[in-house]
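Colleague: Here you go, one structure.
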Amino acid sequence: MAYDSDLSFVYFGPTKVVFGGGSSTSELESEISSLGCSRAIVVTDQGIIKAGLSENIIKTLGDKCVGVFSDVPQDTGIDVVNRGAAFAGEKGADIVISIGGGSVIDTAKGMCILLTEGGSLADYEGIQLLTRPQTPHIVIPTTAGTGSEVTWIAVIYDKEKGQKILIVESHNAPRVAILDPQLTIGLPPLLTASTGMDAMTHAIEAMTSIQREPLSDAMALHAIRLLSTWLPECLKDGRDLKARGQVQLAATMAGWAFGNALVGLVHAMAQSVGAVARVPHGVACGILLPWCMDFNLSDGEPETIAIYATVAEALGLSARGDDPGSSAAAAVKGSFDLLEEIGHPMKLSEFGVTEEHITEAADLSMADGAIINNIRYVSEKDEVLDIYRRAL
Amino acid sequence: MEAYKAFTQEWMDAWKEKIAGSKEYREIAKDWEGSVSITVNADPSKNIPQTVYMFTDYWHGDVNEFVICDAAKAQSAKFIMTGDYARWKQVAKKELDATKALMQGKLKLKGDLTYVVRNIKTVNKVIDLLTEVDTIFPDDV
Ligand SMILES: [Fe+2]
């Protein structure tokens, strides 16, 4: 139990956060110097370059930038990381700067390991195998959702095995995350809404994980507050720098929350329907979140009711001292309402998901690692299938 | 019930017997393929003078080799788990959740993490069954 007398846990979040409009150019050099580095390799992708997001940053670096590796696809792979690391090694890089979303950041995380340890990334599949700090990594995210800028997990595709591998290394957590809201103002509405809901799901699921603890709860609760207030504002006006900044901070807080407490049923189901029907991760999380909350709540467990009542407070839907049952129900309804307010898709079928897809996805969900952290124990595939059907 | 000294072949035999005799294990582990080695780092202060290597092998609900081994054999396993004695003792007594221990770096795992996570129920069942073996820990003697 998260708040019982036998509470014992480790909270880990070593990444320094530098926040502010324009910080990706104004603060970068001094952050590199304070890490004792001078030869930066920039990791990014073609989309970011075309959108003009990396240009000023690279210009600012001047001759501190020894090379740009931009050959990063949507879902990065071991071969990509190996190539990137070889390139960075040839250039004599002593620090990695990633500018982009999840795939770029994970590529850079993998490169940091190879620059320090050598070999191929396939040698490092596993958890906590490293015994010393890795090549410094500064992350400059261009989306607001994954939280990857503060987590120490990298997901990399292994072509030979035909599956994704996980590399979990606390010695490889990014040293610095530079959050510059100006880089997210160009995000289109659907991407803004869905990445925001990914962050919201990280926060709410961290609170209903069996691994939850008070520090991750604190991060999650404030992330929920900020997202419920500022995500709708980002959708009203994508150029609202204040709103963009608050959402970016919320995504980072949610990253700390789930990096420590992990995620649950929504992620198990979102990852599975993503694998089967290629529904984008954030979209699947957003659609499934309220339905899974409803499922978690429906067994009447007082602990779940109490948690969701706290979530309702953070969503601004109830006050301390209100009836917990009604507050918890308000949190579920509030999540549906938020989707509507931000124009987020409401049904999986909008993304071509069929009954066949969800039958297959329900099987995968039961075998997904995230499902075991869920506050309500899921014992039957039919329970998952039923949630999918409601969201179809 | 007879008690066994931890990290001896007799203790491993008793553990193997518990697993092999569990119908529930057979059902949960019906898809599991492959070996897991357990390395307990030496800790002379806790009466572990030398690093202990164990090799355990599982196949679709069957339990195969279950032996104390050398470093080379431990390295050959599909999954290699390593940790300090104090952590393993906590895990064996169910005072520490194995998933948590891995995430927090209290134990290390080399191998396909997604496979382990997917089959975490099997892993937990094997640990559950270990708690049923009456164990004498080296630092409790
Ligand atoms: Fe997510």
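The values are calculated or read from the model by the stated rules, or taken from the named source; none is laboratory data. None of the values given here were measured: they were computed from a predicted structure. Please note: Cβ atoms are built from the backbone with ideal geometry, for glycine as well, and neighbour counts cover all protein chains shown.
Colleague: Provide a single number: the residues in the stretch A:81-121 that are assigned to a helix (DSSP H, G or I) and free of Cβ contacts under 8 Å to residues at least 40 places away in the same chain.
Modeller: 10
Colleague: Hey, among the residues in the stretch A:368-392 that are assigned to a loop (DSSP other than H, G, I, E, B) and among the β-branched types (Val, Ile, Thr), which one's nearest to the chain's Cα centre (by Cα)? Before you say what the answer is, go through the steps one by one.
Modeller: So in the stretch A:368-392, the residues assigned to a loop (DSSP other than H, G, I, E, B) come out as A:368, A:375-380, A:392.
Keeping just the survivors that are among the β-branched types (Val, Ile, Thr) gives A:375, A:378.
Numbers: A:Ile375: 20, A:Val378: 24 Å.
Looking at the filtered set, the residue picked out is A:Ile375.
Colleague: Looking at (1) crowded, with 18+ Cβ neighbours inside 10 Å; (2) at pLDDT below 95; (3) touching a strand residue (DSSP E or B) at 6+ places or on another chain (Cβ under 8 Å), find the lone condition where B:Ala42 falls short.
Modeller: Status for B:Ala42: all satisfied but (1).
Colleague: Under 9 Å between Cβ atoms, at least 6 apart or on separate chains: pull out the pairs that start in the stretch B:98-118 with a residue that is facing another protein chain (nearest Cβ under 7 Å) and end on any residue that is basic (Lys, Arg) and in a loop (DSSP other than H, G, I, E, B).
Modeller: Between residues of the stretch B:98-118 that are facing another protein chain (nearest Cβ under 7 Å) and residues that are basic (Lys, Arg) and in a loop (DSSP other than H, G, I, E, B), the close pairs are B:Lys100/B:Lys106; B:Gly111/B:Lys78; B:Asp112/A:Lys161; B:Asp112/B:Lys78.
Colleague: OK, next. Given A:Asp63, A:Asp71, A:Asp45, which one is within 15 Å of A:Gly101 (Cβ to Cβ) and acidic (Asp, Glu)?
Modeller: On the way: A:Asp63 fails: within 15 Å of A:Gly101 (Cβ to Cβ); A:Asp71 fails: within 15 Å of A:Gly101 (Cβ to Cβ).
Answer to the check: A:Asp45.
Colleague: Pick from A:Gly186, A:Gly196, A:Gly147, A:Gly102: which is more than 12 Å from every other protein chain (Cβ to nearest Cβ), out of contact with any Asp or Glu (no Cβ under 8 Å at 6 or more places or on another chain), modelled with pLDDT under 95 and within 14 Å of the ligand (Cβ to nearest atom)?
Modeller: Criteria check complete, one pass: A:Gly102.
Colleague: What are the residues in the stretch A:335-374 that are over 24 Å from B:Tyr115 (Cβ atoms), surrounded by fewer than 21 Cβ atoms within 10 Å (Cβ to Cβ), of a type outside the set (Gly, Ala, Ser) and touching a helix residue (DSSP H, G or I) at 6+ places or on another chain (Cβ under 7 Å), if any?
Modeller: Result: A:Phe336, A:Leu339, A:Glu341, A:Pro345, A:Met346, A:Lys347, A:Phe351.
Colleague: Could you say whether any residue in the stretch A:223-240 is touching a Lys or Arg at 6+ places or on another chain (Cβ under 8 Å), within 14 Å of chain B (Cβ to nearest Cβ) and either away from the ligand (no atom under 14 Å from the Cβ) or assigned to a helix (DSSP H, G or I) (or both)?
Modeller: no
Colleague: For the stretch B:1-46, which positions are farther than 15 Å from B:Ala74 by Cα and assigned to a strand (DSSP E or B)?
Modeller: Residues satisfying the conditions are B:Tyr4, B:Lys5, B:Glu33, B:Asp43.
Colleague: Hey, another quick one. Being within 16 Å of the ligand (Cβ to nearest atom), within 19 Å of A:Ala362 (Cβ to Cβ) and in contact with a Lys or Arg (Cβ under 8 Å, 6 or more places away or on another chain), is that true of even one residue in the stretch A:281-289?
Modeller: Yes; the residues of the stretch A:281-289 include at least one that is within 16 Å of the ligand (Cβ to nearest atom), within 19 Å of A:Ala362 (Cβ to Cβ) and in contact with a Lys or Arg (Cβ under 8 Å, 6 or more places away or on another chain).
Colleague: Given the criterion modelled with pLDDT under 95, out of contact with any His (no Cβ under 9 Å at 6 or more places or on another chain) and surrounded by fewer than 19 Cβ atoms within 10 Å (Cβ to Cβ), identify the matching residue among B:Lys94, B:Lys89, B:Lys73. I'd like the intermediate steps shown before the answer.
Modeller: Numbers: B:Lys89 fails: surrounded by fewer than 19 Cβ atoms within 10 Å (Cβ to Cβ); B:Lys73 fails: modelled with pLDDT under 95.
Only one candidate qualifies: B:Lys94.
Colleague: Also, I was wondering about something else. If only one of A:Asp299, A:Asp322, A:Asp337 is more than 19 Å from the chain's Cα centre (by Cα), over 27 Å from A:Cys234 (Cβ atoms) and without any contact (Cβ under 8 Å) to a residue 24 or more places away in the chain, which one is it? Explain how you work it out, then say what you get.
Modeller: On the way: A:Asp299 fails: without any contact (Cβ under 8 Å) to a residue 24 or more places away in the chain; A:Asp337 fails: over 27 Å from A:Cys234 (Cβ atoms).
Testing whether each residue is more than 19 Å from the chain's Cα centre (by Cα), over 27 Å from A:Cys234 (Cβ atoms) and without any contact (Cβ under 8 Å) to a residue 24 or more places away in the chain leaves just A:Asp322.
Colleague: What are the pairs with Cβ atoms under 7 angstrom where one residue, in the stretch A:233-256, is more than 9 Å from A:Gly147 (Cα to Cα) and the other, located anywhere, is among the β-branched types (Val, Ile, Thr) and surrounded by fewer than 24 Cβ atoms within 10 Å (Cβ to Cβ)? Sequence gap at least six, or different chains.
Modeller: These pairs meet every condition: A:Leu235/A:Ile342; A:Gly238/A:Ile185; A:Arg239/A:Ile185; A:Leu241/A:Ile185; A:Arg244/A:Ile185.
Colleague: List the pairs whose first member sits in the stretch A:279-296 and is part of a loop (DSSP other than H, G, I, E, B), whose second member is more than 11 Å from the ligand (Cβ to nearest atom), and whose Cβ atoms are under 7 Å apart, counting only residues at least 6 apart or on separate chains?
Modeller: Taking only residues 6 or more apart or on different chains, the pairs are A:Val279/A:Val273; A:Val279/A:Leu348; A:Val279/A:Phe351; A:Val279/A:Val353.
Colleague: Within the stretch A:290-309, does at least one residue satisfy the condition of being among the hydrophobic types (A, V, I, L, M, F, W, C), under 17 Å from A:Ser216 (Cβ atoms), more than 13 Å from the ligand (Cβ to nearest atom) and not assigned by TED's automatic domain parsing to the domain that holds A:Pro174? Step through it out loud before you land on a result.
Modeller: Taking the stretch A:290-309 as the starting set, the residues that turn out to be among the hydrophobic types (A, V, I, L, M, F, W, C) are A:291-293, A:295, A:297, A:305-307, A:309.
Filter once more, so that each one left must be under 17 Å from A:Ser216 (Cβ atoms): A:306-307.
Restricting the remaining residues to those that are more than 13 Å from the ligand (Cβ to nearest atom) gives A:306-307.
Cutting the leftovers down to not assigned by TED's automatic domain parsing to the domain that holds A:Pro174 gives us A:306-307.
Scanning the stretch A:290-309, I find at least one residue that is among the hydrophobic types (A, V, I, L, M, F, W, C), under 17 Å from A:Ser216 (Cβ atoms), more than 13 Å from the ligand (Cβ to nearest atom) and not assigned by TED's automatic domain parsing to the domain that holds A:Pro174, so the answer is yes.
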